[in-house]
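Pasting in a structure now, in structure tokens, and then I'll have a few things to ask.
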Amino acid sequence: MKGSGTFTVVNDAALCAAIGATVQTLVYVAPGISKPVVDAIGDAHRAKPNLLATVIVDLDPEVYRLGYGTEEGLRALQALAALQHLELRQQPGLRVGLLVTDQQTLVYSPTALLIEAGATSEEKPNAVVITRGSDSTAS
């Protein structure tokens, strides 16, 4: 995740970096999920056995057809949940993204990749970041 302050860009790379940095608490909420994000969750879960992780996604095939995640990511997530007893929940109609980690909360607008490319420019942020222990509204 690039940028500093309140507004930033969240994409798979930013999500993976934030997930990799968490130690105790991880909550991922989004319409769908991609394989790189599932891999980051799996890596964090294996490296940090006390990590409390919850994943909430929309399991509707339409979500993945629109590009809010990938079918490969969903299959990998289901396998990860079965192997590591990861808490996996579903919420139909979900279209907002949320990532809560030890030190920050990201609220973002996921990109439907069928319609447009993912966010990359700090000049066009798609997320609000709240960092614990700092005044996130200062920028």
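The values are calculated or read from the model by the stated rules, or taken from the named source; none is laboratory data. Here the structure is a predicted model, which means the values were calculated and not measured. Using ideal geometry, Cβ is built from the backbone for each residue, glycine included, and neighbour counts are taken over all protein chains shown. Calculation scope for accessible area: heavy atoms of the full protein, side chains included, ligands and nucleic acids excluded. Shrake-Rupley method; radii C 1.70, N 1.55, O 1.52, S 1.80 Å.
Looking only at segment 9-21, decide whether some residue is more than 24 Å from E71 (Cα to Cα) and of a type outside the set (A, V, I, L, M). Outline the logic, then answer.
Taking segment 9-21 first, the residues more than 24 Å from E71 (Cα to Cα) are 21.
Going one step further and asking which of them are of a type outside the set (A, V, I, L, M), we end up with none.
No, every residue in segment 9-21 fails to be more than 24 Å from E71 (Cα to Cα) and of a type outside the set (A, V, I, L, M).
While we're here: Output the helices (runs of 4 or more DSSP H) that fall wholly within segment 1-117 and possess 2 or more residues being open to solvent by less than 40 Å² (accessible area, probe 1.4 Å) and either among the small types (G, A, S) or under 21 Å from G133 (Cβ atoms) (or both), or say none.
Values: elements: 12-21, 35-47, 61-66, 71-84.
Counting at least 2 such residues, we get 12-21, 35-47, 71-84.
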